[in-house]
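The values are calculated or read from the model by the stated rules, or taken from the named source; none is laboratory data. As the structure is a prediction and not an experimental result, all values here were calculated from the model. Heads up, the Cβs are rebuilt from the backbone with ideal geometry, glycines too, and the neighbour counts pull from every protein chain shown.
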Amino acid sequence: MIQCFVTGEHQSSFAEGYTPQLISASKIDSYYTDHPRVLHKHNDMLELLFVRSGTGVYIIDETRYPIKQGDIILCNAGMLHDEDPSCSKDLNTYSIAITDVRVKGLPANHLIEEGYSPVFPAGECADMIESLMSMIHSLLACNPEGSLETCHHLTIALLSKLLLVIRKYCDMAGDTVHTRTDIIVAQVKSYINTHFDEPFTLQDISEAIRISPYHLSHVFKAQTGYSPMQYTLRRRLGEAQTLLITTKMSITEISVAVGVGNPCHFNTMFSKNIGMTPSKYRESYVEKAGRNLLESRNLV
């Protein structure tokens, strides 16, 4: 027998008076990625993803990150993220959403400082992180009412372990240098993310940040792979998907809320880029969520 003892009191990583709260846990399999979530963000929570198997590309703040088995993906609150299903190969992940996370020295619902890559390998902690996320998901799927306390403590354990991995990763990564191109791209993203629910043109962005439209477009596309107006389109689509999933707003109300205005144009734009109408997307998401729950409980 090898007996291990606690040799002292632990120092909490979380700000006093705040306790992280689990919102949801998802097990995402490759055969459910026909209609992925487009560019979106969560203002009041953070999202953690762990790659169980396969490979793919995840897009965070329009930077493309190749992902593979054992990788952690951190989406801080307010961080835009996206998927590229065309690059996925048998990609299977866990995803957990958490709110009220207050790590000392970081903004609310942040686990990593700006300037560091939000995607990195879990390394030797991969098995433990996957096990914790698996237990959280399984308990919520099978007994959501009776497992809340257990899931709460498992979530704290998961965050504590992740913070150790993150600190080790940041120590190895060192300082990040921001170029003028980085600054320009950040300014363009900031303008679009602030005004995507309003009509505007490339010229409006150009005048706001005082850079010629040509140079702005060239720099932005070189770094992100999208023109500024393509980025705007994806931002609007991502927000529309969120509203379709999380609210009962009408299609007309959503089209106005994302800056399109004309419901017919919104339907056409959504169908062309997502592969189905907004109404069908809402129905499909609800049906898929229900089927996932039944399958997790072995009822189908």
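Among the residues of region 19-38, those that are hydroxyl-bearing (Ser, Thr, Tyr) and at pLDDT 80 or above comprise Thr19, Ser24, Ser26.
Here the condition is being in a helix (DSSP H, G or I), out of contact with any strand residue (DSSP E or B) (no Cβ under 6 Å at 6 or more places or on another chain), over 21 Å from Tyr58 (Cβ atoms) and not aromatic (Phe, Trp, Tyr); of Ile156, Ile166, it holds for Ile156 alone. When region 74-90 is filtered for residues that are closer than 15 Å to Arg37 by Cα and hydrophobic (A, V, I, L, M, F, W, C), the ones remaining, listed by number, are Cys75, Met79, Leu80, Cys87.
Annotation: of all residues in region 39-48 being in contact with a helix residue (DSSP H, G or I) (Cβ under 9 Å, 6 or more places away or on another chain) and within 26 Å of Leu233 (Cβ to Cβ), the one that is modelled with the lowest pLDDT is Leu39. Scanning region 113-161 for residues that are within 20 Å of the chain's Cα centre (by Cα), of a type in the set (Val, Ile, Thr) and more than 18 Å from Asn92 (Cβ to Cβ) turns up Thr155, Ile156.
Sub-6 Å Cβ pairs linking a first residue in region 97-126 that is within 20 Å of Ala186 (Cα to Cα) to a second residue that is part of a strand (DSSP E or B) and at pLDDT below 90, at least 6 apart or interchain, are Pro118/Ile60; Val119/Tyr65, ordered by first then second residue. Out of all the residues in region 214-233, which are over 15 Å from Leu39 (Cβ atoms) and either of a type in the set (A, V, I, L, M) or modelled with pLDDT under 90 (or both)? Residues satisfying the conditions are His215, Leu216, Val219, Ala222, Gln223.
Among the conditions (1) in contact with a Leu (Cβ under 9 Å, 6 or more places away or on another chain); (2) among the acidic types (Asp, Glu); (3) modelled with pLDDT of 90 or more, Glu113 misses just one, which is (3). Please state which of the following conditions His195 fails to meet, knowing it meets all the rest: (1) at pLDDT 90 or above; (2) surrounded by 18 or more Cβ atoms within 10 Å (Cβ to Cβ). All conditions pass for His195, except number (2).
Taken together, the criteria exclude Leu294 from residues that are outside any helix (DSSP H, G or I) and modelled with pLDDT under 90.
Taking region 184-233 as the range and being at positive phi and in contact (Cβ under 8 Å) with a residue 40 or more places away in the chain as the test, only Gly225 passes. If you go through region 141-155 and pick out every residue that is surrounded by 17 or more Cβ atoms within 10 Å (Cβ to Cβ) and farther than 19 Å from Ser26 by Cβ, you end up with 0.
At least 1 residues being within 16 Å of Thr63 (Cα to Cα) and under 24 Å from the mean Cα position of the chain (by Cα) is the threshold, and among the helices (runs of 4 or more DSSP H) wholly inside region 178-258 those reaching it are 180-195, 213-224, 228-246.
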